[in-house]
Amino acid sequence: MRSLFLLVFFGFVLTSNSEIISTNLDGGPVTTSTGIGGKVNAKSSLHRAWIVINDPGCPIQISGTGIQTRYEAGNFNFVAAGSFNPSADTAAFEIRYVLYDLFGNHMITLSDTEVADWKSGKTTALNGLWPASHDDVMGLLTVVTFVGRARSQDGKIWRCDPDAIKQRLAEINLQNDSVLNPSPAAKQ
């Protein structure tokens, strides 16, 4: 009886087995203005790489997503960029940002959980913000972004396929063991 109650109360859990789609984007230069005439990585011509992973079975599709770096009021921050578009009326979702350094090593996995009522087809900007250090900003080169979970307004819960994402990370030579779950203190 308890199992039946949990199923009715929490709704259905859907795990995707769709073919994931990844898009490579230019995340802009690795330089970050400090606002006082200086720049982090001032002499570098490197550009950040943003890899956006979408699962067609997910009720949230993301586009142009990645992490930018900013210096404001004496602090460095990681700032979410891009937008999302629900294909169904959605009540909550979690986006994960897997950050890699200049040498392909995992730095941190950030998580942004949003709870609100979104109507199908309405594109909305992302707005996550996390504290960062000078060394974090200096070392960040690659960001992989994907939807970890989503909840429709009718109670259906969708979860990503971690094996498919790990496989895609391996294909592009990025560390993929234990990097998909949010790092401690990296949730917003």
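The values are calculated or read from the model by the stated rules, or taken from the named source; none is laboratory data. Everything quoted here is computed from the prediction, not taken from an experiment. Glycine also receives a Cβ, built like all others from the backbone with ideal geometry; neighbour counts cover every protein chain displayed.
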ask   = Looking at (1) under 23 Å from VAL30 (Cα atoms); (2) surrounded by fewer than 16 Cβ atoms within 10 Å (Cβ to Cβ); (3) not hydrophobic (A, V, I, L, M, F, W, C), can you tell me which one SER111 breaks?
value = (2)
message = Looking at region 28-40, I want the residues that are touching a residue at least 60 places away in the same chain (Cβ under 8 Å) and farther than 13 Å from ILE67 by Cα and have a partner that is part of a strand (DSSP E or B) and among the small types (Gly, Ala, Ser) with Cβ atoms under 9 Å, at least 6 apart or on another chain. Which pairs are those?
response = VAL40/SER33
request  = Spot the failing condition for LYS166; the list is (1) charged (D, E, K, R); (2) modelled with pLDDT under 95; (3) touching a strand residue (DSSP E or B) at 6+ places or on another chain (Cβ under 9 Å), and only one is missed.
outcome  = (3)
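Considering each of ALA81, ALA116, ALA92 in turn, give the residue that is of a type in the set (Gly, Ala, Ser) and under 14 Å from the mean Cα position of the chain (by Cα).
On the way: ALA116 fails: under 14 Å from the mean Cα position of the chain (by Cα); ALA92 fails: under 14 Å from the mean Cα position of the chain (by Cα).
Only one candidate qualifies: ALA81.
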